[in-house]
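Quick notes on the structure that follows.
The values are calculated or read from the model by the stated rules, or taken from the named source; none is laboratory data. Not measured: the values here are computed from a predicted model. Here the Cβ positions follow ideal geometry from the backbone for every residue, glycine too, while neighbour counts run over all protein chains shown.
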Amino acid sequence: MSTATAIVKPVMPEKHFLNDNYGIRSWLLTKDHKRIAILYLFSISFFFLLGGMFAVLIRLHLLTPNGELFEADTYNKLFTMHGVNMVFFFLIPSVPAVLGNFLVPIMVGTKDLAFPKINLLSWYLYIAGGTFSMAAMVSGGVDSGWTFYAPLSSGYLKTHVIMLAVGVIIAGFSSIFTGLNFIVTVHRMRAPGMTWGRLPLFIWSNYAASLIMILGTPVIAITLILLALERGFHIGIFDPKLGGDPVLFQHMFWFYSHPAVYIMILPGMGVISEIVPCFSRKRVFGYSFVAFSSVAIAVFGFVVWAHHMFVAGISVYSALVFSLLSYAVAIPSAVKVFNWTATMYKGSIEMSTPMLYAMGFIGLFTIGGLTGLFLAALGLDIHVHDTYFVIAHFHYVMVGGMVTAYLGGLHFWWPKITGRMYPEAPAKLAALITFIGFNLTFFPQFILGYLGMPRRYWAYPPEFQVLNVLSTAGASVLAVGFLLPALYFAWSLKYGEVAGDNPWQATGLEWETSSPPPTHNFHQIPIVTKDPYAYGEDAEVTVVN
Amino acid sequence: MSTSQTTTTEHHPALAHQFDSMEQQQEASTFGMWVFLLTEIMMFGGLFTAYLIYRLKYYPAFVAGSTSISVSWGFANTLVLIASSFTMAMTVWAAQNGRRKTQVWLLLATMVLGAAFLGVKAKEYYDKWDECHIPGHVIGKGFNAWGGCSATNKSLGNIAEEIRDPKEHGNPNVTEVSAEQTAKQTEIFFSFYFAMTGLHAFHMVIGLGLLAWLLIRAKSGEFGPAYYTPIELGGLYWHFVDIVWIFLFPLLYLISRHQHGV
Amino acid sequence: MAGQVDALYLFLVLITTFFSLLIAILILFFAIKYRRTPERQAQQIHGSTLLEIVWTVIPLGISMVIFVWGAVIYYHMERPPSNPLEIYGVGKQWMWKFQHPGGQREINTLHVPTGRDVKVTLISQDVIHSFFVPAFRVKQDVLPNRYVFTWFKATETGTYHLFCSQYCGTKHSGMVGQVVVMTPEDYATWLASGKAEGSLASLGEKAFQQYGCTTCHRPDSGARGPNLEGVYGRPVRLTDNRVVLADDNYIRESILEPNAKVVSGFQSIMPTFRGVVSEDEIIAITEYIKHLSPQQANPLNNRTSPEEIRDSEVPNIQQQNRQEKEQPAQQTPQGTRPANPSGKKP
């Protein structure tokens, strides 16, 4: 807490990373991790909008049971493009590429990431991958599902599967290079005094996610390359007609795609670990347990992939092993939830917008995570697999969890990135609207799933209509909740209150430099002497200009 | 409390702005290259795993496939690559010791050996095209395992004949295979052959590009005892590509190779 | 079985509700009780190892209960019932075709009786589909080139949804149908009234003759193919001394890839029927071959390891031994194939 008694109105720093250099070349050829983070912010928002548009069309179509809005082929393309854009071009990069790129060097106390040019390359690879995905879209769309199962994708579809697969492969390399950069930076570039035990939990989470990025992503690359070869050259790897095994595709695909969901959620959890202590004015309860839980999730995440394949024709014994391990991976996440809750105990709590998003995350992630237990239970999974229950589960953890955390993080660090505060009242309203819209959209889907409505259905039996209408109604509310931040964030760039270095009075090296930070992050490299989250009367957050 | 770190007044021209010292830059860069190579291991690993699964599933056909590719050329390539790794390692030594001319010659030697490897691979691919062993029916003359389509080269069908009777050749694991079955399953062998060696060759080509770039810089005297990190990184990459081949060669050419192969 | 699935579901709903409410109430309660006021000082608490252990062990314990419960249900569902009503199903883009043992065929509808275990053996003609009957809580992905099965015992009459639940292309959501559950009497009536072309097994017999299988697969000693009487469900010794079980998959493989597993004592001269025989016909032929087996329970079926099987118990060895007494070893173009010496231990 500042020891000054008079409140001085903060002013924007004269020179910072945004005004250091002007012109399109200074942005497109930048090596500054903060500018690259902004480049990602724009591109990711674009793909989120695109994926969101597809979602709107899907929900509109599902208002009626007889498939009246779109043709079946069109509908199949809608859910494919929704899935591909959201998973590969929004969820995987979002927190690491936007918030991570911006914050990781500053939080560890250094001038930039280890490999700034590779960081820029990451962004260009992302754009290249996105271009292929868009090309697949405009040349008619692809209807394979984001899961590209063989032999459907390799031998039966007439759409541009390879084009889309190439886009995903290239975006995968973007992810690999981001992860590589983070790992080397955290290992080799910490400021003096910044031991592993003093790292913010945001760093621990992104580090764990980066481990998954570098180890898992190459496998999806080779899987899709093999799929593309099979489709292009008519060789048999996964197609039984040519001697191949379709279940092998599923093993290889899920070997990446399951850990991928932990790439998505771990950085989000990192955001929550920063927000909750700040707005409770308390150190995180059980810091080491939270830190090691991140690594445990990353490790366990690699050994549970076949829980997506319980009814796919794997052996009973395989299924038993994967079910058991899937329960193991749930435990570290539960530990984190309990630790965050305990952090709030006897704190001094401010219900700011980031805190609202964090609390929303904790509640919704708990529901989403617990519904994962339903899916891990073998006998029950037989019934709910490939139904709307699964869709509800992953939207709870991905949207109720990950997107909520991303929005919370954007609000928390917006003043640091732009130097301006967003307007609090519209922000709180948006948070509330999002929360209500989200639950209204996806809770009915749990019920739909248990009643038996399968996934990816263009038309459905009429008795499922009421729940579908409820879900679409919720989606319209949710859409508003997501659009509002775009509006008021843009507004705040010109009219928002100047934030000053540390509007939240938070701990962490990023708050010890100006808002926005200078291009080299610090005027003087800090030497770290205190524990992270040193809130409380004995802690001093000095503000260095 | 924050205090500033003393900054050295002079720093090496190759020191990038994000690093504090040449030592940090060198450590971070080599660590980064190791992490990258780890990702490459995962990619090749996925491919190798799929190959091994099919090898177990279609054992006789894969034996026939392995037998039909030239172990002489494969062995020659292995020697070529090991030699190139040697010249590459010597390049790093030369750079560490400030020998500019030696670096340049050794880099050139590495590139020549790498090109020789690719040349041999091209010959092997040509042979496969000639024998109608290219899988699928998009490239080349279409897959034809049984009859083969080159009079001078042994066809898979002949090999299948030879391994038909397990008792005669002492291998108790090989069950009888019909020609038709051999054909389909061997096509899968060749799919993996081309995917694995193709991915490897692709990495070799990139490696040659990297070496060319290093060559230009080495010629201008950029590398010496104070700064040779790029050469070291190039060395790591090149050695990795070599090691992948060391795995490829036995997996594709050697395991269970039938004695009467070419 | 469905009831057990629902019981587990209810338990999980209770757990989820309990913990979600617990966390939600706690964070809301803390947010209000400890809300920021000018006087409030947060109390810095590092953590509590004991608490960490408690809230690791308790969720782990609950998880293990759920795991075991789910595993037990699953295990029971994966074991095929004894003496079921056998139905065959073929999934193709975009319809289901079912065959009853009596030869009755249905498209997208499946009639079954109550109170009887029904085992549906499924295969796909193209991509991966999935056979899903929500009311019975059963689901099974249907794969190309490989038989899978699921089973259920319907307890109440009625009409229930059948869905394809693995995305399979354009009309994935059109690949729906009904399972019509009838009383045993009504089912018998339905069976009799249907336009059955003869029982499935008799259809198989016709195909067996039509494709010339009888040319080689005969019971006499000069037959060039193994006698198929009594072979279904029995162990079979192959030329490389492996012993495999003659089940549905083996019979199908023998029709499509005849030289993959050649029976010991025979040459690999059977041509492949891939592209000649349809999946439906394979199913019918399999049913016919099943009918060539004696109906009584075979103690061999319970053996799990080939070492437990003596030569004298393996039918084709007996036939081969008979053959040897009557003829010398056959000369083959590739070289002599010695006959298995009789009385050899496995």
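Here are some notes:
- Pairs meeting the criteria (first residue in region C:9-24 and touching a residue at least 12 places away in the same chain (Cβ under 8 Å), second residue surrounded by fewer than 16 Cβ atoms within 10 Å (Cβ to Cβ) and part of a helix (DSSP H, G or I), beta carbons under 9 Å, at least 6 apart or on different chains) are C:Phe11/C:Val65.
- Only residues that are more than 15 Å from the chain's Cα centre (by Cα) and surrounded by fewer than 23 Cβ atoms within 10 Å (Cβ to Cβ) were counted across region A:255-277, and they come to 1.
- Matching residues, region C:252-267, being surrounded by fewer than 19 Cβ atoms within 10 Å (Cβ to Cβ) and either more than 14 Å from chain B (Cβ to nearest Cβ) or under 17 Å from the mean Cα position of the chain (by Cα) (or both): C:Glu253
- Selection within region C:161-205 - crowded, with 16+ Cβ neighbours inside 10 Å and charged (D, E, K, R): C:Lys171, C:Glu205
- Residue list for region A:76-102, filter: of a type in the set (Phe, Trp, Tyr) and surrounded by fewer than 24 Cβ atoms within 10 Å (Cβ to Cβ): A:Phe79
- Taken together, the criteria exclude A:Asp20 from residues that are of a type outside the set (Lys, Arg) and buried (at least 18 other Cβ atoms within 10 Å of the Cβ).
- Answer residue from region A:132-145, given it is surrounded by fewer than 19 Cβ atoms within 10 Å (Cβ to Cβ) and in a loop (DSSP other than H, G, I, E, B) and is farthest from the other protein chains (Cβ to nearest Cβ) among those: A:Ser139
- Helices (runs of 4 or more DSSP H) fully within region B:165-262 that include at least 1 residues being acidic (Asp, Glu), at pLDDT 95 or above and under 30 Å from B:Ala14 (Cβ atoms): B:229-248.
- Residues within region A:332-349 that are at pLDDT 95 or above, out of contact with any Ser or Thr (no Cβ under 6 Å at 6 or more places or on another chain) and at the interface with chain C (Cβ under 9 Å from one of its Cβ atoms), tallied: 6
- Considering only residues in region A:190-217 that are farther than 25 Å from B:Ile41 by Cα and surrounded by 24 or more Cβ atoms within 10 Å (Cβ to Cβ), the one that is nearest to the other protein chains (Cβ to nearest Cβ) turns out to be A:Leu201.
For every residue, the table says whether it meets (1) touching a strand residue (DSSP E or B) at 6+ places or on another chain (Cβ under 7 Å); (2) in the same structural domain as C:Val142 (by TED's automatic domain parsing); (3) outside any loop (DSSP other than H, G, I, E, B); (4) over 30 Å from C:Met95 (Cβ atoms).
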position	(1), (2), (3), (4)
C:Gln178	yes, yes, yes, no
C:Pro219	no, no, no, yes
C:Asn227	yes, no, no, yes
C:Asn249	no, no, yes, no
C:Glu253	no, no, yes, no
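- Looking across region C:38-50, not a single residue is buried (at least 18 other Cβ atoms within 10 Å of the Cβ) and either within 35 Å of the chain's Cα centre (by Cα) or more than 7 Å from chain A (Cβ to nearest Cβ) (or both).
- Applying the condition of being under 25 Å from the mean Cα position of the chain (by Cα) and either facing chain C (nearest Cβ under 7 Å) or part of a loop (DSSP other than H, G, I, E, B) (or both) to region A:370-386 and asking which residue is farthest from C:Leu12 (Cα to Cα) yields A:Asp386.
- Restricted to region C:51-71, and to residues there that are more than 26 Å from the chain's Cα centre (by Cα) and of a type in the set (Gly, Ala, Ser), the residue that is farthest from the other protein chains (Cβ to nearest Cβ) is C:Gly61.
- Within region C:116-168, tally of residues that are among the aliphatic types (A, V, I, L, M) and not in a strand (DSSP E or B): 5
- Every residue from region C:236-251 that is over 21 Å from C:Thr214 (Cβ atoms) and surrounded by fewer than 20 Cβ atoms within 10 Å (Cβ to Cβ): C:Leu238, C:Asp240, C:Asn241, C:Arg242, C:Val243, C:Val244, C:Leu245, C:Asp247, C:Asn249
- In the set A:Gly83, A:Gly129, A:Gly172, A:Gly167, only one residue is modelled with pLDDT of 95 or more, closer than 30 Å to A:Ala312 by Cβ and within 12 Å of chain B (Cβ to nearest Cβ); that residue is A:Gly172.
- Of the residues making up region B:42-53, just one is of a type in the set (A, V, I, L, M) and more than 8 Å from every other protein chain (Cβ to nearest Cβ), namely B:Leu52.
- Selection count where residues are free of Cβ contacts under 8 Å to residues at least 40 places away in the same chain and either at the interface with chain C (Cβ under 7 Å from one of its Cβ atoms) or of a type in the set (Asp, Glu) (or both), scope region A:350-369: 4
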